[in-house]
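The values are calculated or read from the model by the stated rules, or taken from the named source; none is laboratory data. Being a predicted model, the structure only gives us computed values, none of them experimental. Cβ atoms come from the backbone with ideal geometry, glycine included; neighbour counts cover every protein chain shown. The area values use the complete protein model at the heavy-atom level, side chains included, leaving out ligands, DNA and RNA. Shrake-Rupley method; radii C 1.70, N 1.55, O 1.52, S 1.80 Å.
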Amino acid sequence: MNNPEAFITLVLELQRQARVARQRRLLLLSGDADWCRAMAGTCLETLPERQALRVGDAPPCGVPRLTLAEGQQVLGQELDLLVLDAHECFDRDVFGASSGALVGGG
């Protein structure tokens, strides 16, 4: 998706649906690492009222970050938004722990 306005509309609609259903929603960004990281940054900018965390490399400014090795530390937290950067490596245990930290509507 190369249209930033359409992407923002999609992100806001997914958030609205998640809140109404009190479900966790996943947005998978696939492609070049720089593009994915830029789109993740757009998500973080578009959804300003949130408890957000980024797990992986190259965090956007102003968002707390954990490395993949520290990813298990999200257990017990409640997050509205999580960005898991798996370009360097995908760790299924970190994915499970971090996605479990998302609250309904996140």
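Rolling a 1.4 Å probe across the protein heavy atoms gives the chain an accessible surface of 61 Å² per residue. Panel note: the C-alpha atoms of segment 10-106, placed on their principal axes, show extents of 33, 29, 23 Å (largest first). Roughly how many nanometres apart are two label points built 7 Å out from the Cα toward the Cβ at E88 and E5? Placing both labels 7 Å beyond Cα along the Cβ direction yields 3.7 nm. Put simply, the amide H of L84, placed in the peptide plane, has neighbours under 5 Å in V55, leaving out anything fewer than 5 places away on its chain.
For the pair T67 and A21, a Förster radius of 22 Å applied to the C-beta separation gives a FRET efficiency near 0.10, rounded to the nearest 0.05.
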